[in-house]
Structures are given as structure tokens and as C-alpha cells.
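Novice: I have a structure I would like to understand better, so I am pasting it below and will then ask my questions one at a time.
What follows draws every value from the coordinates through simple rules; no lab data is involved. All values derive from a computational prediction rather than experimental measurement. Please note: Cβ atoms are built from the backbone with ideal geometry, for glycine as well, and neighbour counts cover all protein chains shown.
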Amino acid sequence: MLELEEVRSAYGRIEALHGVSLEVRAGEIVTLVGANGAGKTTLLKAISGVQPITGGRISFAGEPLERVRAHARVALGIAQVPEGRQLFTPLSVEDNLLLGAWARRSAAPDAQLARVYALFPMLAELRRHTAGSLSGGQQQMLAVGRALMAKPRLLLLDEPSMGLAPRLVGEILGVIERLRDEGVPILLVEQNARAALAIADRGYVLETGRVTVGGAARDLLRDERVKAAYLGM
């Protein structure tokens, strides 16, 4: 579904990605592991089109993305849940969800809305409340639900468990697994490396803008370098 070949990106004269290559196949969760500042968020932004690349190639379902603008990538089926959620806090829960369907506004959003409410019943109960009045966990559910309203063929998730209680982390990761099982491939950036690799099919380690290790998630969980650097073992 997604392939990156030697992708480079920079902020001014400072290069943040130094030739990153990876792939996400249909029906799998791929996890990006790395320390703060490794370039994980920059990589997701490059895929979604809000961060320009200075070299390399990105393709989605076999089609090149380099000349495709960010809003058009959403229409193609790439949806991102950004770090920090970035909700429209004065608007209601339901209005936030409906805005997620904007790129696909030619299709009636009712079916997707019902799907999101089935995944997150609490959002159905709170649909008339403002997004800013929700708890952190509820806001994260809303951010994921908003992305799902675009009927994504690929979901990019940036730190979905950040700031959440352990019980809610398990709930969010459970939904991610369910989405994968329903056929939505996912590229996941997650600070809880152990939990993320536990649900992933494959993973990559990103260090200072370079992929240093990649492979099956179960193998990364046993890799001594990964265990020492990211799993606290």
C-alpha cells in the first residue's frame, strides 16, 4: 500500500530524514520506534503531504505521491491522526467527525458516522458536547474517529496513547488492532514501544532520521539493541 524509497526531508538547512526506506503492506500494522527527535513525526507529515520532501520517492497503491497535495492525499485514502489530536475544540463531537468526511463529501457520511459510534459508543453519548469539554481519552477517540470518517485506505497514527491512563491505552490499542483486522493498514508511531510492537506485524527503528533496524515485530521485541534502547530491558 505504501512504499518509501530513500526519502529525505529538511527544515531549512537542517536535514531531518536521511534517506528513509520502508513499506506498509495491505492488512498490517507497522510500528515506528525511536527516541524523541528521531524524525518519526516528520516522516508521517511527509507521507501525508504537509512536510515537503527534498529527495526520494513516496508511492501509495503503486502511484507516486510527490506531486500530490496534502488534501488530495486524503481523498486518495491517506488519513492521519496527528500528535496532540488537533481537534476543533469549540465545535461539537459530531461536527468534528463530519469535518473528517469533508474530503469525501460527495458520499453520505451516515454509514461512517455509525461505524465510528459503534467503535466508540461514548462518542455517540457525547455527540452534542463540545470537543474541548472531553477528557483526554475521549478526545483521542474523537481524533481517531475523525480520521476514520475519511474512509481511509491507510491510517497514520502519531502517539495515540500520549497522556492517557493505562486502561485507556489498552482500549485505544485494541481499536487499532480491530481496524487492522477489518482491513485498514496502519503506520503507528507510539511512545510505548513494547505495547506497539506487541500488536504490530512489523516494525522499524528510526534513529536521527535513519532506519537502523527493521523486521517482524516479534523479532524486534527480542532484539537486544531494541530491548536495551527502547524497552527498558
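Novice: In whole angstrom, how far apart do the alpha carbon centroids of the stretch 36-108 and the stretch 156-233 sit?
Specialist: Computed from Cα coordinates, the inter-centre distance equals 20 Å.
Novice: To check you understand DSSP bridge types, tell me what percent of the beta bridges within the stretch 85-233 (both residues inside) are antiparallel, rounded to 5.
Specialist: 65 percent
Novice: How big is the dipole moment of the stretch 104-233 about its Cα centre under a simple scheme where the beta carbon of each Lys and Arg is +1, that of each Asp and Glu is -1, and everything else is neutral? Debye, nearest 20, please.
Specialist: Result for the stretch 104-233 is approximately 320 debye, rounded to the nearest 20.
Novice: Using only Cα atoms and rounding to the nearest 10 degrees, what angle (0 to 90) does helix 110-119 make with the longest principal axis of the chain?
Specialist: Taking Cα atoms only, the helix is inclined about 70 degrees.
Novice: What is the set of long-range amide H partners of residue 21 at a cut-off below 5 Å, with H atoms built 1.01 Å from backbone N?
Specialist: So residue 21 has HN proximity to 6, 7, 211.
Novice: By a straight-distance test (C-alpha under 20 Å), which lysines pair with residue 227 as possible cross-link partners, with residues fewer than eight away in the same chain excluded?
Specialist: 40
Novice: If you take all C-alpha pairs in the stretch 82-227, what percent of them are over 23 Å apart? Could the numbers behind the result be given before it?
Specialist: Numbers: 3997 of 10585 pairs.
It works out to 38 percent of all Cα pairs.
Novice: Along the charge dipole of the stretch 89-149, Cβ charges K/R +1 and D/E -1, which of 120, 132, 99 sits furthest on the positive end?
Specialist: Result: 99, furthest along the dipole toward the positive end.
Novice: Could you derive backbone 3J(HN,Hα) for the stretch 171-176 from the dihedral phi with the Karplus parameters 6.51, -1.76 and 1.60 (θ = phi - 60°), listing whole Hz in sequence and x where the residue is Gly or Pro?
Specialist: 5, 5, 5, x, 5, 4
Novice: I've got another one for you. Can you list the residues, at least 5 places off or on another chain, whose amide H is less than 5 Å from the amide H of residue 101, using H built in the peptide plane?
Specialist: HN-HN under 5 Å from residue 101: empty list.
Novice: Still on this structure, I have one more. So, with +1 on the Cβ of K and R and -1 on the Cβ of D and E, and no other charges, what is the size of the charge dipole of the stretch 89-149 about its Cα centre, to the nearest 20 debye?
Specialist: It comes to approximately 140 debye.
Novice: Based on the Cβ-Cβ distance from residue 69 to residue 89, what FRET efficiency comes out when R0 is 41 Å, to the nearest 0.05?
Specialist: 0.95
Novice: Okay, next question. Which residues' amide hydrogens lie under 5 Å from the amide hydrogen of residue 16, considering only partners 5 or more residues apart or on another chain, with H built in the peptide plane?
Specialist: Correct list: 9, 10, 11.
Novice: In whole Hz and in residue order, list the ³J(HN,Hα) couplings for the stretch 141-155 that follow from phi through the Karplus curve 6.51 cos²θ - 1.76 cosθ + 1.60, θ = phi - 60°; x for Gly and Pro.
Specialist: Couplings: 4, 5, 5, 5, x, 4, 5, 5, 5, 7, 6, x, 8, 8, 10 Hz.
Novice: Lys/Arg Cβ at +1, Asp/Glu Cβ at -1, dipole of the chain taken about the Cα centre: which of 205, 80, 221 is farthest positive-ward?
Specialist: The residue sitting farthest along the positive end of the dipole is 80.
Novice: At 222 nm, what value in deg cm²/dmol follows for the chain if DSSP H runs of at least 4 each add -39500 (n - 2.57) and the sum is divided by all its residues, to the nearest 500?
Specialist: My calculation for the chain gives -10500 deg cm²/dmol from helical runs alone.
Novice: Kindly give the semi-axes, whole Å and largest first, of the ellipsoid equivalent to the stretch 89-149, taking each as the square root of 5 times a Cα gyration tensor eigenvalue.
Specialist: Computed over the stretch 89-149, the values are 18, 12, 9 Å.
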